[in-house]
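The values are calculated or read from the model by the stated rules, or taken from the named source; none is laboratory data. Keep in mind that this is a model prediction, so the values were computed, not measured. As a convention, Cβ positions derive from the backbone with ideal geometry for all residues, glycine included, and neighbour counts pool all protein chains shown. With ligands, DNA and RNA removed, areas are computed over all heavy atoms of the protein, side chains included. Shrake-Rupley method; radii C 1.70, N 1.55, O 1.52, S 1.80 Å.
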Amino acid sequence: MVSEPLNPSPATPGDAAAETDSTLPSGTHPTDPPATGRDGTHPTDPPAIRSDGTASTGADDAAPATAGIPDELRAAALDRARRLRQEPRFPGGPAADPAGSHHERRIRSFQPRRSRVTPGQQDALERLWPKWGLDIDGLRVLDLPELFDGLPVVLEIGFGMGEATAQMAADDPGTGILAVDVHTPGQGNLLGLADRNGMSNIRVANGDAIILLREMLVADALDGLRVYFPDPWPKSRHHKRRLIQPEFLDLAAQRLKPGAVLHCATDWEPYAEQMLEVLTAHPRFENTAADGGYAPRPAFRPLTRFEGQGLDKGHVVHDLLFARS
């Protein structure tokens, strides 16, 4: 059965930027932030502030970028950076740093980024965040049956611009999707898609999925977990930042119900091999593929635009489906 296409965003003068931003340059990964520097920052990000009050340029950090500027200007820069970390970009919208400083600063598998938000995305964030959005603050335990009106709930970590998530929600209205990301334009886009297509089975969570799993969900809370095209962190020194690690699987196994499926997909061959290795070795997960290898792409996972572009270039996409034992 072919799914009806979802209604896209209505055209607005500012929405042309979204189409431009969604076209990735050759060699980038679907979940990579657009036009980031080598240090992972976006050109529109404020400069990082060191502990001594000087600004980091992200290039040669040996020379202070603000050497010789007055103390009051340094203090103003520090105050602005603090407010950017703490204040929502939009009234009533997702917080810039929802967990704040009350959780430990560990190695993260994601790079928060602030790209341009179109007028349509901003409208969705301001109207719908109080209704369908939540910040991952780590200070409360979510009541998923109440949040989703008793539906079984699948957690999706990383959803990009949300088109595939919205399609899965439309195809399966009897399942709730708790979709986590830190990309503000994508959050607004997914909320807008849900609103325009009359879908009430999506909730958008802003922040660190590890804090959500560890602090805000009870045992056996989830009926499934989806991790599609996570950042592969290709450099060897960055492999510690990859999400699919034994420690993550320990936590996921505690939150998944027995029999619930962890579904991963990647087009980065070395990461696929690592995923298969660590999942196969974990005592609480069992490969659903009869041959113990990769699984065919299930019909419920839509073929995304970026995935199609990769396939056209000869990339191989691997799906892994492991059931919690």
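For the reader, a short list of remarks on this structure follows.
- With 10 Å bins from 0: P(r) over the range 154-287, alpha-carbon pairs, percent: 12, 42, 36, 10, 0
- Taking amide hydrogens as placed 1.01 Å from N in the peptide plane, the amide H of GLU156 sits under 5 Å from those of LEU178, ALA179, VAL180, ARG226, each at least 5 positions away in sequence or on another chain.
- Solvent-accessible surface (1.4 angstrom probe) belonging to VAL141, in square angstrom, nearest 10: 90
- Applying both filters, DSSP loop and at most 10 other Cβ atoms within 10 Å, to the trypsin sites (Lys or Arg not before Pro) of the range 189-279 gives LYS235.
- Accessible heavy-atom area order of ASP71, ASP267, ASP220, highest first, probe of 1.4 Å: ASP71, ASP220, ASP267
- Contact order relative to length of the range 107-201, as percent, for alpha carbon pairs under 8 angstrom and 6 or more apart: 39
- Relative contact order, whole percent, for the range 257-322 stands at 53, derived from Cα pairs under 8 Å and 6 or more residues apart.
- Largest to smallest in accessible area, the residues TYR294, TYR271, TYR228 fall in the order TYR294, TYR228, TYR271 (1.4 Å probe, all protein chains included).
- The range 204-325, relative contact order [Cα under 8 Å, separation at least 6], %: 30
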